[in-house]
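Asks: Dropping a structure here in C-alpha cells format, bear with me for questions.
The values are calculated or read from the model by the stated rules, or taken from the named source; none is laboratory data. These numbers come from a predicted model, not from an experiment. Virtual Cβ from ideal backbone geometry, glycine too; neighbours counted across all protein chains shown.
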Amino acid sequence: MGAVTGKGLSDLIREEFGLRATFLMMAALSMAGVTARHAAATKNVLASVMNDLMLRPAGIPVIGPIIALIGLVFGHLFNILINIIGAYVHSSRLQYVEFFGKFFEAGGRRFMPFGMSTKYVDVENAKGA
C-alpha cells in the first residue's frame, strides 16, 4: 500500500479493497491457465481410454484410434478457442476495469464521430428540404 497523505479513512479503505480486488483478479487469471492445462490433460486421458475401450469390443483395430483422434482434435480445438476468447476478455477487463480507474482523467472535448465541425460556416436545420 502506498503512502497516505491525509485523505482520510475512506480513501484508505477504498485503496485497500482495490488492491485486494486486483490481487484476486490476478489469481483468477492464473487459475484460468491452470484450468486449461487440466482440461487438456483430461482430454488426453479420455482419448487414451476411448482408444483402449473401442479397440477390444469392436474387433476392428482401426476404429479405436480414429475415434480417439477425433476426440483429441475437437477437444483441443475447443480448448484453444476458449483460451483465445479468454485472452481477449481478460486483456479487455484489465484495460477497462483496472487501468481506466487509475490513469483516466475526464476532460477534453466531446467526441462526435459523425458530427460536423463547422468552424467558419453556420448550418441551419432545414426540416422542409
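Asks: Enumerate the pairs (first residue in the range 93-112 and under 27 Å from GLU16 (Cα atoms) and touching a residue at least 60 places away in the same chain (Cβ under 8 Å); second residue anywhere and exposed (fewer than 10 other Cβ atoms within 10 Å of the Cβ) and not basic (Lys, Arg)) with beta-carbon separation below 6 Å, excluding pairs fewer than 6 apart on the same chain, so at least 6 apart or on different chains.
Replies: none
Asks: Just a yes or no: is a residue in the range 10-32 surrounded by 13 or more Cβ atoms within 10 Å (Cβ to Cβ) and touching an Asp or Glu at 6+ places or on another chain (Cβ under 8 Å)?
Replies: Scanning the range 10-32 turns up at least one residue that is surrounded by 13 or more Cβ atoms within 10 Å (Cβ to Cβ) and touching an Asp or Glu at 6+ places or on another chain (Cβ under 8 Å).
Asks: So the check is Cβ under 7 Å with 6+ separation or different chains; which pairs have a first residue in the range 25-42 that's within 14 Å of SER91 (Cα to Cα) and a second one that's part of a helix (DSSP H, G or I)?
Replies: Every condition considered, the pairs that remain are LEU29/HIS90; ALA32/GLY86.
Asks: In the range 33-52, which residue that is out of contact with any helix residue (DSSP H, G or I) (no Cβ under 6 Å at 6 or more places or on another chain) and of a type in the set (A, V, I, L, M, F, W, C) is nearest to ILE85 (Cα to Cα)?
Replies: Step one: list which residues in the range 33-52 are out of contact with any helix residue (DSSP H, G or I) (no Cβ under 6 Å at 6 or more places or on another chain), which gives 33-35, 37-38, 41-42, 44-46, 48-49, 52.
Subsequent filtering for residues that are of a type in the set (A, V, I, L, M, F, W, C) retains 34, 41, 45-46, 49.
Working: VAL34: 16, ALA41: 20, VAL45: 25, LEU46: 24, VAL49: 29 Å.
Filtering first and then ranking leaves VAL34.
Asks: Return yes or no: is GLY71 more than 30 Å from PHE23 (Cα to Cα), touching a Lys or Arg at 6+ places or on another chain (Cβ under 6 Å) and either of a type in the set (Asp, Glu) or modelled with pLDDT of 75 or more (or both)? Please lay out each step first, then the result.
Replies: Details: more than 30 Å from PHE23 (Cα to Cα): yes; touching a Lys or Arg at 6+ places or on another chain (Cβ under 6 Å): no; either of a type in the set (Asp, Glu) or modelled with pLDDT of 75 or more (or both): yes.
So GLY71 fails the test.
Asks: Okay, moving on. Condition first: within 18 Å of VAL34 (Cα to Cα) and not aromatic (Phe, Trp, Tyr). Now tell me which residues in the range 82-93 satisfy that.
Replies: Passing the criteria: ILE82, ASN83, ILE84, ILE85, GLY86, ALA87, VAL89, HIS90, SER91.
Asks: Another question, if that's okay. Do any residues in the range 5-16 that are farther than 15 Å from GLY101 by Cβ and modelled with pLDDT of 70 or more have Cβ atoms under 9 Å from those of residues that are assigned to a loop (DSSP other than H, G, I, E, B) and small (Gly, Ala, Ser), where the two are at least six apart or on different chains, and which pairs are they?
Replies: Close Cβ pairs satisfying both conditions: none exist.
Asks: So, one more: Contact list please: Cβ distance under 9 Å, first residue in the range 52-81 and under 22 Å from VAL34 (Cβ atoms), second residue modelled with pLDDT under 70 and exposed (fewer than 15 other Cβ atoms within 10 Å of the Cβ), pairs at least six apart or on different chains.
Replies: That search, which allows pairs on different chains as well, returns nothing.
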